[in-house]
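Peer 1: Got a structure for you, questions after.
The values are calculated or read from the model by the stated rules, or taken from the named source; none is laboratory data. The structure displayed is predicted, hence computed values, not measured ones. When we count neighbours, we look across all protein chains shown, and the Cβ atoms used for this are built from the backbone with ideal geometry, even at glycine.
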Amino acid sequence: MYNKKGALLEELVTALFKRAGFNVETYTNKYGFEVDVLATKGNYNIIIECKQYEAADLSVKSLLFEWESKGRFAKANKTIIITTARNVNKYHYELAKKLGVCLIDDNTLNMLNSLGDKKLKIRLNELIRFDSKGYWRRRIIKYLIYVLAIGLVLGLIYYKILK
């Protein structure tokens, strides 16, 4: 188990996403508000909020609504809230699912931390619903469209020159 004091939770989350193959930035204000962890893979962006509250004073419901809207504003592909709060319950997980936010608790975080790199990548991708095959398929299609567009432009230029 990890020590949850200070910035260690953010450090653990950063290390997990790096192990899973993501590029990671911490404490970024890229979107006009602070994001604890920003994980990216190509054009796929995940904003992650880490909350280390032990007491019941954390309003998980408010947190879910706040970060769902921040995720939409940032045009993030996924928003994740990782919390050590003890008052997370079934209602919160159902609400998170409806909002499209991934809610990760202490137990899930400890489980992820105990996995080897390969299993971590698989399990983390399942949690965030990251479709790596679809991601690479979209990247290849985007590249092919780009190449075709360049070919079309060059063809038109060549046609104009020869005319």
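Peer 1: Would you mention how many residues in region 63-94 are crowded, with 20+ Cβ neighbours inside 10 Å and of a type in the set (Phe, Trp, Tyr)?
Peer 2: Total meeting the criteria: 1.
Peer 1: Now for a different question. Can you tell me which condition LEU103 does not meet? The list is (1) surrounded by 15 or more Cβ atoms within 10 Å (Cβ to Cβ); (2) assigned to a loop (DSSP other than H, G, I, E, B), and all the others hold.
Peer 2: (2)
Peer 1: State yes or no: is LEU109 part of a helix (DSSP H, G or I), surrounded by 10 or more Cβ atoms within 10 Å (Cβ to Cβ) and modelled with pLDDT of 85 or more?
Peer 2: Here the answer is yes, as LEU109 does meet what is asked.
Peer 1: Which of the residues belonging to region 148-163 are loosely packed, with under 10 Cβ neighbours inside 10 Å, in a helix (DSSP H, G or I) and not aromatic (Phe, Trp, Tyr)?
Peer 2: Selection gives LYS160, ILE161, LEU162.
Peer 1: Quickly run through region 27-44 and pick out the residues that are modelled with pLDDT under 90 and closer than 19 Å to ILE104 by Cβ.
Peer 2: Passing the criteria: LYS41, TYR44.
Peer 1: Within the bounds of region 125-142, is there any residue that is surrounded by 10 or more Cβ atoms within 10 Å (Cβ to Cβ), modelled with pLDDT of 80 or more and farther than 22 Å from GLU49 by Cβ?
Peer 2: no
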